[in-house]
Each structure stands twice: as C-alpha cells, then as structure tokens.
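The values are calculated or read from the model by the stated rules, or taken from the named source; none is laboratory data. Predicted, not measured: the structure shown is a model, and the values here were computed from it. Here Cβ is always computed from backbone atoms with ideal geometry, including for glycine, and neighbour counts include all displayed protein chains.
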Amino acid sequence: VEELHWAADGKSFFASSRSEDSSVLLHVDLRGDAQKLWEHKGWERLRCVPSPDGRHIAILALQLNNNVWMMENF
C-alpha cells in the first residue's frame, strides 16, 4: 500500500497500491471488503484525494516515459 485516505464518513478508506504491471485504487470498508475503483497498467504512481462532502474523489495517475539516445561520431 502506497497511500491511505479516510473517506468523509469515517467508515471506509481509499488505498492505492502498485504491483509489477499496474497501480490500483481501492475503496475498503472497516470489515476489510475492498472494491477496485481504478486501475492503471504500467509503472505509475496513483494518488487520490476524497472530497470533504464524500461525493467526489480526485485521482492523479502519474506515468513516466523515458527515451535514451546514443549518438556516435557527431
């Protein structure tokens, strides 16, 4: 688990986690029942910020792309 954020009602939380090939955002209640809300394939970082009224959630998915170039005799 990378991050935890309590829901506005205090009866559940949001958790983000990363595996080898994806990042997942979960909604987990106090009994431990989890619901997958969002999944991104690839090596990303996934963050969320729930709204104070409990009606919305902002999701930030970060993906880094890199290119490497080798030039000879230039």
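Listed values, structure above:
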{"quantity": "The one condition in (1) crowded, with 16+ Cβ neighbours inside 10 Å; (2) over 15 Å from Gln63 (Cβ atoms) that Leu4 fails to fulfil", "calculated": "(1)"}
{"quantity": "Enumeration of residues in the stretch 51-74 that are surrounded by 16 or more Cβ atoms within 10 Å (Cβ to Cβ) and either within 16 Å of Val1 (Cβ to Cβ) or at pLDDT below 90 (or both)", "calculated": "Ala61"}
